[in-house]
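Written out below as structure tokens is the structure these notes cover.
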Amino acid sequence: MGRFCNTRELIAMRILHPLLWFTCSFLVMIHVAQGQDVDSTPTFDSLAYYKRTSKKVENINTESIEYAPSISADGKVMIFESNQTGSYKLYEALLDKDRHWGSPIPVDSVNNYGSDNDLIGGPNISFDGNTMYFFSSFSGGIGADDIYYSTREEFGWSSPINIGEPINTPGFDGFPSISSNGKTLYFVRVNDDGPEDEELRDLTAGQTCYAIYKSEIDKEGKWSRPTKLPYPINKDCEKAPRIMADNRTLIFSSNRLGGLGKYDLHQSFLDDAGDWTTPVPLSYVNSEENDQFPCIAAQGDKMYYIHTNDIYEVDIPPSFQQFRNNVIQGYVKNGKTHEGLSAEIIVRDAFTSEELMFLSSNAKDGKFSLVLAVGGSYNVEFRRAGFTTYATQYDLTAVDEYREIEYDVELHESAKLILNIYDIEIFEPISASVKVKVEGQRSMLMDLESNPVSGQLELDLPLGEAYEIIIDKKHFQSEYFVFDASGLMMYPSFEKDIELIPEKKEITINVADLTNNSKVRSRVRIRNRNRDETIIVEGNESVGLRVGDRYEIEATSDQGYAFNTTVLDVTETGIVSETGETLTEAAVDMKLQPLLVGTNLTLKDILFESNSDQLTENSYDELLRVVGLMYANPTMAVEISAHTDDVGSANYNKLLSDRRAKSVVEFLRENEIVGARFTPVGYGEAQPLVGNDTDEGRAKNRRVVLKILKI
């Protein structure tokens, strides 16, 4: 890389080339931190520094092989496998107050379950520290090596439990990794097809190759049939998958070509579209030997992993740190007596509503503790039957440091009903009127409005009654339901989504040839100017549009036509065109101009700053349509002409129109249309469409025209 990337290049790289983006961003960070110019030649001294910090973990490693470490969420418990007794068994070590690891202790309840020769390996501690997954060759299983789990009890771990089918098969199933919400299990199976790369296939001939799979558990506790992770995760031979606390970052080992050693650590991220990004090699730790089985400490600044046959630790470079935590702790109290309460605590992702944790506060004093990964946003609910539900949010998206936060919660003996009101079609929050009355009574108890930004409304309802809830919003169908708080609530759930259905009017969009009025095969894009809604239909079809909204209609065709646009307002009494005319029929006619040499197409809404050639942002939509037209017709050459009214001198208007025509051409060139296809011409006031004696006439004369010169 001859220089560092600028901001615009970084944005493009992040979308199109994640690996290049990751590298470039990291190098920029290093040089800024060192006070260097980001346009200078990069070095890798910082990566070399972190490699030098890698060292064996004290008090853990022996002359035997230590393998597959797993660390608890609070960073105080490590479980790993070792062959100290001749066969692989599990060992547990604790971190003391001085942050030193104590001597490992064998996990006897698991190690003594089968025979002395049984292999027990690949341990993985669940996020809450209450379950440990591993694999073993215990007799009586489904295959030669099956995945098992044990739960934490008062004095240690329970006896192993076979996780069963469909995860376990007659073949090898091993090295499990459980997600932080306990809902997804990643593990490996033998990859009989071997590496995808032919060169690597020759180099690893005779070696066992593995692929990474995943299975998800449903509400009934049944695991789904495992599926193989797609490319680019499974490419050649993959091992040791570890899903991180965010449930999106996967670190695994791979022998794919281009690495430093036999097996290197790679990191991939599951994006919002459900696709895994191109794996990024962890350059700060990879070496010429095998590097496998990463696990991240509580504060997210240290990683433990396997290098050759020992457990190592390394400080994680800041650009790779994603797993720091914040600890939220306090007491749940009765709002009236201030005594501690045992309450259910549910943690959900604020963006997806996915349940991440479920735990309880202490029954004696109400004490609770939550470990939340930074970089996320969380909704937390505190619930107890007969009491209100308390909801709060921890937005840690902008936090990048470890913190401990004291936070007390009070529950009251009245019900808080949280309504989330949104549009059923586009999931947009809605500010709506909410009326509340006691069931069977005529008088209104409450008349409120939901939040215009979130669409949320919290109702404080005394327990012991059933309530009628009526939700009204102009141009939407009303909703009604009964919230029963009159009896015992076995499973109190005080949050409800209200999906309002918009009122619509049907309209037919007729698309025809401007010259002969014949129907044209076309694509119609309908953009709602009031909200985030876009509809794509074929021309000459009917579509329902929302009452009260304004729509921009764009018709295009790949049959040799220019585009056409118009604006419609959908009112309660009818549909109004952009000229203010109410359509007598529920239809709008869109005429398309054939693309012929000599054809003139007047562009709409091409606006400039006063007495300037600077385009306003309002012009971009129409110009981008021109870009699309030029892409669709790669041989077409056009004249871009600019015209003015007669205000000012003719010579000034001619010069101004020249500059404006060139400004339009420059915009099109910036959007990668070859400049030779454009001829900018400024006509000034020489070619008026109508007289300049009215404001309306002058507005029509101020225009930009696209004239086809060649096609």
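If you scan region 257-276, which residues turn out to be of a type outside the set (D, E, K, R) and surrounded by fewer than 20 Cβ atoms within 10 Å (Cβ to Cβ)? Working first, answer last.
From region 257-276, those of a type outside the set (D, E, K, R) are 257-261, 263, 265-270, 273-274, 276; that's our starting set.
Answer for region 257-276, where residues must be of a type outside the set (D, E, K, R) and surrounded by fewer than 20 Cβ atoms within 10 Å (Cβ to Cβ): Leu257, Gly258, Gly259, Leu260, Gly261, Gln267, Phe269, Leu270, Ala273, Gly274, Trp276.
Is it the case, given these coordinates, that Ser493 is of a type in the set (Ser, Thr, Tyr), under 35 Å from the mean Cα position of the chain (by Cα) and modelled with pLDDT under 95?
On the way: of a type in the set (Ser, Thr, Tyr): yes; under 35 Å from the mean Cα position of the chain (by Cα): yes; modelled with pLDDT under 95: yes.
Here the answer is yes, as Ser493 does meet what is asked.
So if I check each of Thr584, Thr566, which one is farther than 21 Å from Tyr631 by Cα, more than 35 Å from the chain's Cα centre (by Cα) and either part of a strand (DSSP E or B) or outside the structural domain of Val638 (by TED's automatic domain parsing) (or both)?
The conditions single out Thr584.
Yes or no, residue by residue, for (1) more than 22 Å from Glu495 (Cα to Cα); (2) surrounded by 15 or more Cβ atoms within 10 Å (Cβ to Cβ); (3) without any contact (Cβ under 8 Å) to a residue 12 or more places away in the chain:
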position	(1), (2), (3)
Val332	no, yes, no
Glu339	yes, no, no
Thr352	no, no, yes
Leu359	no, no, no
Ser369	yes, no, no
Tyr390	no, yes, no
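When you scan region 525-542, do you find a residue that is on the phi > 0 side of the Ramachandran plot and not acidic (Asp, Glu), even just one?
yes
Six or more apart or on different chains, Cβ atoms under 9 Å: show the pairs whose first residue is in region 109-120 and at pLDDT 95 or above and surrounded by 16 or more Cβ atoms within 10 Å (Cβ to Cβ) and whose second is part of a loop (DSSP other than H, G, I, E, B) and among the aliphatic types (A, V, I, L, M).
Every condition considered, the pairs that remain are Ile120/Val107.
Being among the hydroxyl-bearing types (Ser, Thr, Tyr) and crowded, with 16+ Cβ neighbours inside 10 Å is true for just one of Tyr394, Tyr402, Tyr480. Which residue is that?
Being among the hydroxyl-bearing types (Ser, Thr, Tyr) and crowded, with 16+ Cβ neighbours inside 10 Å holds for just one of Tyr394, Tyr402, Tyr480, which is Tyr394.
What's the total number of residues in region 661-706 that are surrounded by fewer than 19 Cβ atoms within 10 Å (Cβ to Cβ) and either hydroxyl-bearing (Ser, Thr, Tyr) or in the same structural domain as Thr579 (by TED's automatic domain parsing) (or both)?
3
Which one is farthest from Glu196 (Cα to Cα) among residues in region 228-267 that are touching a Lys or Arg at 6+ places or on another chain (Cβ under 6 Å) and not in a loop (DSSP other than H, G, I, E, B)?
Among them, the one singled out is Ile251.
Sort out which residues of region 512-529 are assigned to a loop (DSSP other than H, G, I, E, B) and either of a type in the set (A, V, I, L, M) or surrounded by 14 or more Cβ atoms within 10 Å (Cβ to Cβ) (or both), and write them in order of number.
Narrowing region 512-529 to residues assigned to a loop (DSSP other than H, G, I, E, B): 514-518, 520-522, 529.
Correct list: Leu514, Val520, Ser522.
Condition first: surrounded by 15 or more Cβ atoms within 10 Å (Cβ to Cβ), part of a helix (DSSP H, G or I) and among the small types (Gly, Ala, Ser). Can you find one or more residues in region 610-627 that meet it?
Yes, because at least one residue in region 610-627 is surrounded by 15 or more Cβ atoms within 10 Å (Cβ to Cβ), part of a helix (DSSP H, G or I) and among the small types (Gly, Ala, Ser).
How about region 249-285: which of its residues are modelled with pLDDT under 90 and among the polar types (S, T, N, Q)?
Of everything in region 249-285, those that are modelled with pLDDT under 90 and among the polar types (S, T, N, Q) turn out to be Thr249, Asn255, Ser283.
The values are calculated or read from the model by the stated rules, or taken from the named source; none is laboratory data. None of these values were measured; they are calculated from a predicted model. Counting neighbours? That spans all protein chains shown, and the Cβs are built from the backbone with ideal geometry, glycine included.
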